[in-house]
Amino acid sequence: MSALTLEQIISANIQSGISLPEVPLDLKNNLNTAFELRPYQNQAFGRFLYYLSNDRLRQKPAQLLFHMATGSGKTLIMAGAILHLYKQGYRNFLFFVNSANIINKTRENFLNPLSSKYLFAETIAFGGKKVSIKEVDNFQAANGEDINIAFSTIQGLHSRLNTPRENSITYDDFQDKKIVLISDEAHHINVETKRGKLNKEEQEEIISWEGTVSRIFRSNPENILLEFTATVDFSVPEITSKYSNKILCDYPLKQFRIDGYSKEVKVLQSDVPLIQRALQSLILSQYRRKVFEKNRKRIKPVILFKSKTIAESKGFYEEFAGTIKNLKRADIAAIEKSTEPTLKRCFAYFKENGITVENLIEELKNDFSKEKCIEVNSKEESEEKQIAVNTLENENNEYRAVFAVDKLNEGWDVLNLFDIVRLYDTRDAKAGKPGNTTISEAQLIGRGARYCPFQIEQTQPKFQRKYDSDIQNELRICEELYYHSAYNPKYIQELNTALQEIGIKAKETKEIQLELKMDFKESDFYKNGLIFLNKQIKYDRSGLSALPNTIKEHIFHVNLFSGAVESTAIFDNVASSSKKTKQRDYMLEDFGFNVIKKAIAKLEFYRFHNLKSFLPNVKSIHEFIPSESYLKKIRVEVEGEEGQIASLTPNEKLKITVSILDKISQSLESDKVEYQGTPEFLPNPVSKIFKDKTLNIFVKEGGDQEYGVPQSQASNTALQLDLSGKEWYAFKENYGTSEEKYLIKFIDKTYDALKLKWGEIFLVRNERHFQIYDFDDGQPIEPDFVLFLKKKDSDISLHYQVFIEPKGEHLLKYDEWKEKFLKSLKEKHQISVLWKSKKYTVWGMPFYNEAFKKTEFEDEFRACFL
């Protein structure tokens with residue numbers, strides 16, 4: 001047995017240069033466009049497609065584990081997997097989980113197009129054929145053209161299979177059909193694997209869980225079991241062994257946080273009565289709401305009040321309601337005296353914006369009135385309450401506070417939860433290790449730390465933190481989850497340990513003051529110098545009056561035996577591929593206007609309003625079909641038996657045309673560009689772009705041990721450099737990665753030679769101070785450094801602005817497009833002549849990498865600037 005896991009084998013293959021398959025366009029198009037695929041989700045899909053197509057890796061039946069962080073969009077991966085497997089001929093899907101609450105939520109995600117969290121496109125279609133998603137009780141009478149999904153709890157599945165009822169699912173359903181089993185929160189089916197560590201409850205569940213699933217899974221060699229969880233106990237050797245050749249993706253919560261997809265977790269301790277602790281959370285929540293509103297974001301922050309018992313929760317709910325109804329100035333004044341920095345910032349904001357204590361009291365009375373608070377203490381809460389707590393993000397849901405014990409655990413994925421208030425002060429640690437209660441609380445915080453997406457500027461990432469490099473920004477509060485507890489240092493230490501273990505909190509964070517040197521701030525360059533940046537603009541398609549030449553000049557190949565079947569999934573095989581075949585060329589117009597029109601009617605893409613968004617000057621379908629600018633001259637090569645291709649039937653012509661039009665639509669969609677970067681670079685004052693900042697740094701996380709460490713104290717002594725006396729470096733210190741530190745060492749080494757040619761030299765670190773935009777698709781780029789060079793050449797002063805990007809080995813290939821853009825700046829950038837006595841040039845360098853790119857970088861640098 002290989003010492004490497006499946007995940008490690010695929011990762012090693014990627015490192016060796018093998019490219020993962022791209023996510024097919026028809027998969028993307030059949031998902032809800034509101035849920036943009038993130039890089040790690042694209043990677044997960046790529047691994048899935050790679051596994052299924054690799055005979056050396058794929059086992060039959062196939063069992064795969066997606067080990068992915070809470071909040072990382074596992075359900076979207078499920079939806080995409082369903083779509084892809086439908087194309088591969090699977091029609092029947094069994095979704096099971098241990099919780100009825102998750103079942104109800106997933107039904108909404110998969111079946112209700114009116115839900116804000118519905119995962120599929122409004123219309124699902126493959127090759128022009130519409131596909132329906134249906135919930136079924138069993139697969140015996142299921143429609144062979146639909147996506148059929150049966151939902152069940154694990155316990156309910158066992159019961160239904162072993163005590164069959166009329167119309168219920170039975171073992172017979174699995175005998176002659178290939179099934180895809182989808183297990184959410186899959187750690188619950190590993191009870192039997194943990195046999196040596198079972199408690200009494202787990203012992204009773206053995207027969208009901210893993211054994212039942214295993215029997216279904218092994219009933220057909222074509223079956224596929226997809227398991228999804230954020231919580232696999234790899235400390236159990238039996239589980240580690242079980243999943244060694246099954247774990248496909250490993251994207252833990254720690255990496256999720258490092259990549260910026262979670263809120264930053266803060267713990268606020270206070271030695272005050274419970275009701276005052278609650279009021280502190282209200283102040284914080286209302287401040288956050290004000291900041292959102294100031295920036296025109298309709299986001300309603302929610303608070304969770306967590307009690308130990310149902311009786312305590314009900315009692316506090318009544319006390320809270322009474323306090324809010326009779327809220328007094330003295331209640332607020334007690335909190336206003338706090339020296340806690342975040343609370344001080346709240347009251348400073350209220351004062352600056354003319355919000356008096358009286359205004360605040362009226363707002364809190366209204367926003368947290370009894371009608372806008374909800375209790376969910378019992379596991380048998382009404383369906384109405386279940387819907388309410390699972391739709392807290394909806395605009396028509398006015399609840400601001402939730403009171404609960406442990407009802408809201410697995411499956412609760414609200415994004416606008418920003419405060420959790422712990423209404424008890426107990427500990428259950430043993431031998432210095434966090435107890436079960438603390439671990440459970442840490443897991444709740446992990447679920448609450450899902451990032452609440454928002455965008456202030458078009459170029460900002462919507463689903464990631466934006467202010468790690470500017471934590472003094474008032475919007476930073478909108479990226480933080482506060483956990484309010486009593487002042488109890490031992491408990492907080494235990495909680496921090498638990499948070500670090502699950503990965504939602506860094507072991508070491510630093511707030512770093514990134515300060516420009518005073519000499520630099522007082523220089524003429526800082527006060528009067530310019531940096532030239534381009535803009536991101538909407539791509540103007542108004543000039544497009546024909547299909548792209550890449551389509552018009554392409555010869556579309558269709559194999560009557562296999563090609564059309566595979567590309568459209570609606571053809572019947574009419575012959576064996578072993579038969580001798582011939583090819584014959586046609587023009588699409590040869591098939592006739594009516595055939596083409598009928599094929600167009602089968603494909604959603606060619607609805608006229610959609611077609612016009614890609615080809616804005618097409619006047620009608622009647623023009624689109626016969627025009628030489630569009631379909632008239634599309635060339636087709638048909639392969640099949642000689643007699644067949646010489647005399648195509650009307651049905652064959654239609655099938656071929658549908659196949660070709662489908663390929664054309666995919667090509668148009670893949671080429672559609674929403675934005676462009678302007679070739680013109682405009683001047684911006686250096687003093688407005690570069691300012692002091694406070695950074696939030698995760699120390700020694702994410703693989704690079706130098707990140708967050710001052711260069712003067714670099715762990716690698718070869719990188720150590722005291723920048724305080726280096727007049728050419730604008731900031732007081734550099735906290736960047738090892739590659740960034742290597743670059744600075746290179747500039748330091750060449751500085752004397754630069755000084756012989758250039759009168760003014762400044763290297764400035766770009767810590768999210770500015771972005772530039774790729775010419776082709778407008779993607780934003782934040783070059784790590786910009787080198788400013790100036791010299792006098794007769795009557796003209798020459799100003800060079802050089803963008804430089806050090807890059808780690810693991811990103812050299814992934815970010816190739818950035819390097820291509822940087823290299824193109826020399827030829828493509830445009831600067832309007834502003835002064836006769838000054839000439840400005842924008843330049844971009846190849847990536848800098850000490851081990852793999854240093855020679856190329858040095859050669860270019862010396863040729864251009866030394």
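For K633, state whether it is closer than 22 Å to S545 by Cα, touching a Lys or Arg at 6+ places or on another chain (Cβ under 8 Å) and open to solvent by 70 Å² or more (accessible area, probe 1.4 Å).
Details: closer than 22 Å to S545 by Cα: yes; touching a Lys or Arg at 6+ places or on another chain (Cβ under 8 Å): yes; open to solvent by 70 Å² or more (accessible area, probe 1.4 Å): yes.
So K633 fits the description; yes.
Looking at segment 118-136 only, could you name the residues that are within 24 Å of I387 (Cα to Cα), assigned to a loop (DSSP other than H, G, I, E, B) and open to solvent by less than 40 Å² (accessible area, probe 1.4 Å)? Before the answer, list the steps.
Of the residues in segment 118-136, the ones within 24 Å of I387 (Cα to Cα) are 118-122, 133-136.
After this cut, where a residue has to be assigned to a loop (DSSP other than H, G, I, E, B) as well, the list is 118-119, 121-122, 136.
Within segment 118-136, Y118, L119, A121, V136 meet the criteria.
Can you tell me which residue among I504, I456 is open to solvent by 30 Å² or more (accessible area, probe 1.4 Å), of a type in the set (A, V, I, L, M) and part of a loop (DSSP other than H, G, I, E, B)? Break it down into steps so the answer makes sense when it comes.
Working: I504 fails: open to solvent by 30 Å² or more (accessible area, probe 1.4 Å).
Exactly one residue qualifies, and that residue is I456.
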Can you list residue pairs whose Cβ atoms sit under 6 Å apart, with the first residue in segment 70-93 being over 30 Å from Q443 (Cα atoms) and open to solvent by less than 10 Å² (accessible area, probe 1.4 Å) and the second being in a loop (DSSP other than H, G, I, E, B) and modelled with pLDDT of 90 or more? Count only pairs 6 or more apart in sequence or on different chains. L83/N30
Sole miss for M518 among (1) open to solvent by 50 Å² or more (accessible area, probe 1.4 Å); (2) modelled with pLDDT under 85; (3) out of contact with any strand residue (DSSP E or B) (no Cβ under 9 Å at 6 or more places or on another chain) is condition (2)
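Could you list all residues from segment 842-853 that are touching a residue at least 40 places away in the same chain (Cβ under 8 Å) and either surrounded by fewer than 16 Cβ atoms within 10 Å (Cβ to Cβ) or in contact with a helix residue (DSSP H, G or I) (Cβ under 7 Å, 6 or more places away or on another chain) (or both)? Before you say what the answer is, go through the steps one by one.
So the first thing to find is which residues in segment 842-853 are touching a residue at least 40 places away in the same chain (Cβ under 8 Å), and the list is 842-845, 847-853.
Correct list: V842, W843, G844, M845, F847, Y848, N849, E850, A851, F852.
Looking for whichever is open to solvent by less than 30 Å² (accessible area, probe 1.4 Å), under 30 Å from Q472 (Cβ atoms) and in contact with a helix residue (DSSP H, G or I) (Cβ under 9 Å, 6 or more places away or on another chain) here; the options are F785, F775. Which one fits? Give the steps one after another, and end with the answer.
Working: F775 fails: under 30 Å from Q472 (Cβ atoms).
Only one candidate passes the filter, namely F785.
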Given the criterion under 30 Å from K838 (Cα atoms), open to solvent by less than 50 Å² (accessible area, probe 1.4 Å) and of a type in the set (A, V, I, L, M, F, W, C), identify the matching residue among F614, F624, F690, F605. F690
Over segment 49-69, the set of residues part of a loop (DSSP other than H, G, I, E, B) and in contact (Cβ under 8 Å) with a residue 60 or more places away in the chain is Q59, K60, P61, A69
(1) under 24 Å from the mean Cα position of the chain (by Cα); (2) surrounded by fewer than 21 Cβ atoms within 10 Å (Cβ to Cβ); (3) not in a loop (DSSP other than H, G, I, E, B) all hold for G260 apart from (3)
Residue under evaluation I147, criteria (1) more than 25 Å from the chain's Cα centre (by Cα); (2) open to solvent by 20 Å² or more (accessible area, probe 1.4 Å), criterion not met: (2)
For F525, the lone unmet condition from (1) outside any helix (DSSP H, G or I); (2) open to solvent by 10 Å² or more (accessible area, probe 1.4 Å) is (1)
With respect to R107, is the statement that it is closer than 23 Å to L49 by Cα and among the charged types (D, E, K, R) true? no
Going through segment 377-404 in order, the residues found to be surrounded by 19 or more Cβ atoms within 10 Å (Cβ to Cβ), of a type outside the set (S, T, N, Q) and at pLDDT below 90 are V389
Looking at K466, K490, can you tell me which residue is open to solvent by less than 30 Å² (accessible area, probe 1.4 Å), of a type in the set (D, E, K, R) and in contact (Cβ under 8 Å) with a residue 12 or more places away in the chain? K466
Extreme residue, nearest to R450 (Cα to Cα), among residues of segment 218-261 that are hydroxyl-bearing (S, T, Y) and touching a residue at least 40 places away in the same chain (Cβ under 8 Å): Y261
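The values are calculated or read from the model by the stated rules, or taken from the named source; none is laboratory data. Fair warning: this is a prediction, and the values are worked out from it, not measured in the lab. Note: ideal-geometry Cβ built from the backbone for every residue, glycine included; neighbour counts use all protein chains shown. Ligands, DNA and RNA are excluded from the accessible area calculation, which covers all protein heavy atoms including side chains. Shrake-Rupley method; radii C 1.70, N 1.55, O 1.52, S 1.80 Å.
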